[in-house]
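Coordinate-derived values only; no laboratory data. Please read these numbers as outputs of a predicted model, since none were measured by experiment. Here the Cβ positions follow ideal geometry from the backbone for every residue, glycine too, while neighbour counts run over all protein chains shown.
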Amino acid sequence: MSEIVIKKYPKLLHGGDYNPDQWLDCPEILEEDIRLMKKAGVNAVSLGIFAWAALEPEEGVYAFDWLEKMIDRLYSEGIYTVLATPTGAMPNWLTEKYEEVRQVTPEGVRHLPGKRHNYCPTSPIMREKTKAIDTALSKRFGRHPAVILWHISNEIGGNDHQSACWCPKCQAAFRQWLREKYGTLENLNHAWWTAFWSHTYTSWEQIHAPSPAGEPWLHGLNLDWRRFTTVQMRDFYREEVKAVRTYSTVPVTANMMGFFKDLDYPKFADDIDIISWDAYPEWHSEADDVNIAVWAAANHNIMRSMKKAPFLMMESTPSVTNWKKNNIQKRPGMHEVSSMQAIALGSLSVQYFQWRKSRGSMEKFHGAVVGHIDHGNTRVFKEVAALGEHLASVSDAVYHTCNKPEVAMIFDWENWWALEDCAGPKRGSEMHYVETFLSHYKPFWMMGIDVDMVDMDADLDGYKLIIAPMNYMYKDGYARKVREFVQKGGIYVTTYWSGLVDETDLCFIDQAPLQDVLGLWVEETDSPNEFYENEFEYDGQRYPAKDICDIVRTTGAQKLASYCGDYYEGRAALTKNSFGDGTAYYIASGSSEEFCIDFYTELIRKYEIHQAIPTELPYGVTVSKREAAAPGAKTLYFVQNFNPYEVTVMLDHPYHCLETDEMLGEFLEMKGYSCTVLY
Ligand code: GAL
């Protein structure tokens with residue numbers, strides 16, 4: 001069983017961002033909030049996320065009394081505090097007095113004061129001011145019985161451009177980091193292949209971070225700049241953690257953003273006690289909600305897989321966002337099923353942005369639990385309150401379970417960066433790494449099979465099946481790990497545009513690193529446009545061959561499918577190779593959703609991968625299993641209906657409903673957009 005991190009309050013958390021600093025001059029609103037929180041089953045709120053100006057109105061002058069009163073008052077009503085450090089938004093006195101705290105754009109322009117999530121992570125002044133306020137918060141609140149978790153900053157790196165600052169201090173730190181990494185310019189020049197286009201560096205000072213106004217196309221430079229950005233942001237984050245720990249042993253988190261390209265999140269995992277993320281799927285934006293549910297599930301899985309432990313859904317909207325092209329209200333029931341989806345996949349919380357709607361400024365029309373008018377009586381409030389009850393009823397049972405998938409997919413940030421920068425068969429934005437990844441995951445979601453999503457540095461032991469779509473880069477040691485995995489009996493699936501470059505984005509020459517395992521190498525890669533028509537035949541059926549088509553030379557692999565047309569007619573579009581005790585598959589061609597479903601269904605059957613419940617699920621329904629992880633605990637099955645209409649799910653035997661303890665029959669009747677937890 002994974003260790004309980006939030007020891008002070010080991011319950012499912014329900015609540016979210018509370019920003020009472022907007023209402024400090026309205027004590028009656030604050031009291032009303034507490035009454036409503038109790039009505040909605042709220043047991044934890046996040047405080048102080050954007051409150052720097054209220055907490056330190058003048059440089060060095062702290063005003064913490066209001067916060068203390070708030071924490072005490074909430075605690076007296078049984079509501080715990082997730083306490084934030086306020087670096088998500090800088091106060092004007094700081095940005096005005098010290099311009100170095102403001103980021104510089106890639107074109108070299110210093111930001112004006114304003115916005116948020118935009119501090120320079122290298123600035124010594126920013127670090128000093130942050131340390132001062134974080135330490136003061138730690139001193140005052142670090143041992144408060146109500147404070148259960150530190151929420152470091154907010155959505156680190158979330159900004160309009162790549163999460164980085166191009167100021168001279170950051171550039172100098174980058175050069176220093178490169179010196180430590182490469183030792184000599186000769187090594188760097190080799191890794192970045194600078195002999196091409198006369199890009200050889202003869203002094204460290206000649207290196208500038210990538211910029212549209214300067215060098216945008218040196219792939220090794222781009223990759224290292226992104227890596228450095230993660231390192232620098234993480235370093236700033238670590239300083240914050242150190243500061244809050246001065247007087248406190250309370251665990252720490254940093255709310256992430258799921259598929260957020262700019263920061264290599266798994267690199268933060270060791271410095272985070274419990275992973276958390278902010279979930280804003282675009283519900284109801286397509287003909288049905290299946291793809292959105294798949295996207296949301298994949299995000300939850302990535303979060304869980306980073307520490308292979310439960311995580312928190314730190315933000316979500318109870319109703320609507322305000323920053324998308326169309327901000328669509330969650331239809332009745334969607335709040336229930338989307339929130340339970342998070343719990344099903346490993347979350348220990350359902351938290352919102354935000355508790356009460358702002359009266360003015362940027363987020364006044366963003367959804368909140370408490371609206372502008374008739375607060376406790378709205379549809380949204382009632383759905384939140386109903387969910388609060390549901391969470392409370394399952395909390396203890398859920399706490400003693402964990403997700404244990406047999407399948408893992410490789411999702412790697414460095415691969416993402418390199419793949420979409422590789423100037424290869426398609427323009428970067430057309431490579432569609434995330435979309436491809438999701439299309440390989442969807443069949444598992446449809447069959448109710450949980451999947452871990454790990455990067456190339458992860459331990460692969462213990463999985464039956466590993467899927468690595470568009471695994472363009474092989475980091476050092478990865479090929480060896482895969483070879484051992486297959487050798488020992490693992491099933492490995494990879495696709496076109498995989499295994500082409502090493503960790504520095506230099507192409508492998510002479511031999512493809514997994515040629516022995518896959519039994520092939522790639523001779524050519526075709527990248528047809530959307531009008532191209534070709535097919536391959538697999539298992540007596542024809543599927544489209546499209547997007548990217550590798551033309552491979554088999555060196556032992558068995559051909560399972562062949563292209564039907566063009567000059568590569570008859571060449572392998574799908575192969576299988578036995579290696580050691582295991583098997584490796586290579587999908588050489590892009591294809592349709594139907595192909596992925598048919599192919600993986602066959603693999604699931606052949607290799608006896610277990611569905612959470614062995615049954616044929618109706619379209620739009622999935623099941624996630626949380627296994628008993630403590631003596632006396634129950635294994636739980638979360639059946640989720642993402643259809644707006646009722647469905648009947650045929651179970652393999654009768655189960656109990658966790659909420660009511662009632663024994664249900666073999667036919668589970670489900671309302672539209674609902675979740676039933678069974679045991
Ligand atoms: C998050 C952010 C919140 C709020 C929310 C709105 O990204 O952390 O502060 O802005 O989005 O959806």
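Values for this structure:
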{"item": "Qualifying residues in region 78-103 (those that are among the charged types (D, E, K, R) and under 33 Å from the mean Cα position of the chain (by Cα)) - the one farthest from residue 244 (Cα to Cα)", "result": "99"}
{"item": "Any hit, region 127-135, residues being in contact (Cβ under 8 Å) with a residue 24 or more places away in the chain, away from the ligand (no atom under 16 Å from the Cβ), under 15 Å from residue 52 (Cα atoms) and polar (S, T, N, Q)", "result": "yes"}
{"item": "Test: residue in region 161-168 that is outside any helix (DSSP H, G or I), in contact (Cβ under 8 Å) with a residue 60 or more places away in the chain, within 16 Å of the ligand (Cβ to nearest atom) and not aromatic (Phe, Trp, Tyr)", "result": "yes"}
{"item": "Subset tally (residues that are more than 25 Å from residue 22 (Cα to Cα) and either within 16 Å of the ligand (Cβ to nearest atom) or charged (D, E, K, R) (or both)) for region 64-111", "result": "4"}
{"item": "Unmet criterion (only one of (1) of a type outside the set (Gly, Ala, Ser); (2) in a helix (DSSP H, G or I); (3) under 19 Å from residue 526 (Cα atoms)) for residue 414", "result": "(3)"}
{"item": "Criterion (crowded, with 22+ Cβ neighbours inside 10 Å and either hydrophobic (A, V, I, L, M, F, W, C) or more than 16 Å from the ligand (Cβ to nearest atom) (or both)) met by exactly one of 434, 394, 398", "result": "398"}
{"item": "Pair list, Cβ under 7 Å, 6 or more apart: region 84-108 residue on the phi < 0 side of the Ramachandran plot, other residue part of a helix (DSSP H, G or I) and aromatic (Phe, Trp, Tyr)", "result": "86/52; 89/52; 90/52; 91/52"}
{"item": "Restricting region 31-58 to residues that are over 20 Å from residue 138 (Cβ atoms) and of a type in the set (A, V, I, L, M, F, W, C), the residue that is farthest from the ligand (Cβ to nearest atom)", "result": "34"}
{"item": "Filter result for residue 553 (over 23 Å from residue 447 (Cα atoms) and either surrounded by fewer than 19 Cβ atoms within 10 Å (Cβ to Cβ) or touching a helix residue (DSSP H, G or I) at 6+ places or on another chain (Cβ under 6 Å) (or both))", "result": "yes"}
{"item": "Region 299-329, residues that are in a loop (DSSP other than H, G, I, E, B), within 13 Å of the ligand (Cβ to nearest atom) and buried (at least 22 other Cβ atoms within 10 Å of the Cβ)", "result": "316, 317, 318, 319"}
{"item": "The lone exception for residue 296 - which of (1) buried (at least 17 other Cβ atoms within 10 Å of the Cβ); (2) small (Gly, Ala, Ser); (3) within 16 Å of the ligand (Cβ to nearest atom); (4) not in a helix (DSSP H, G or I) it fails", "result": "(4)"}
{"item": "Subset of region 74-115 [surrounded by fewer than 15 Cβ atoms within 10 Å (Cβ to Cβ) and closer than 25 Å to residue 145 by Cβ]", "result": "76, 77, 78"}
{"item": "Among (1) charged (D, E, K, R); (2) surrounded by fewer than 19 Cβ atoms within 10 Å (Cβ to Cβ); (3) assigned to a strand (DSSP E or B) - the single one residue 652 does not satisfy", "result": "(3)"}
{"item": "Number of the exception - residue 459 against (1) within 22 Å of residue 519 (Cα to Cα); (2) free of Cβ contacts under 8 Å to residues at least 40 places away in the same chain; (3) part of a loop (DSSP other than H, G, I, E, B)", "result": "(1)"}
{"item": "When residues of region 361-379 are limited to those that are closer than 30 Å to residue 5 by Cβ and within 15 Å of the ligand (Cβ to nearest atom), the one surrounded by the most Cβ atoms within 10 Å (Cβ to Cβ)", "result": "369"}
{"item": "Search result, residues across region 247-270 that are surrounded by fewer than 19 Cβ atoms within 10 Å (Cβ to Cβ), out of contact with any strand residue (DSSP E or B) (no Cβ under 6 Å at 6 or more places or on another chain) and part of a loop (DSSP other than H, G, I, E, B)", "result": "247, 249, 259, 260, 261"}
{"item": "Pair list, Cβ < 6 Å and 6+ apart or interchain, from region 414-430 residues that are under 18 Å from residue 529 (Cα atoms) to residues that are crowded, with 22+ Cβ neighbours inside 10 Å", "result": "420/431; 425/548"}
{"item": "Candidate set: region 343-360, residues that are in a strand (DSSP E or B), polar (S, T, N, Q) and within 16 Å of the ligand (Cβ to nearest atom); chosen: the one surrounded by the fewest Cβ atoms within 10 Å (Cβ to Cβ)", "result": "349"}
{"item": "Residue selected from region 169-204 under the condition in contact (Cβ under 8 Å) with a residue 60 or more places away in the chain and out of contact with any Leu (no Cβ under 8 Å at 6 or more places or on another chain), by the criterion surrounded by the fewest Cβ atoms within 10 Å (Cβ to Cβ)", "result": "169"}
{"item": "From the options 83, 112, 94, 24, residue that is aliphatic (A, V, I, L, M) and either within 20 Å of residue 371 (Cβ to Cβ) or part of a helix (DSSP H, G or I) (or both)", "result": "94"}
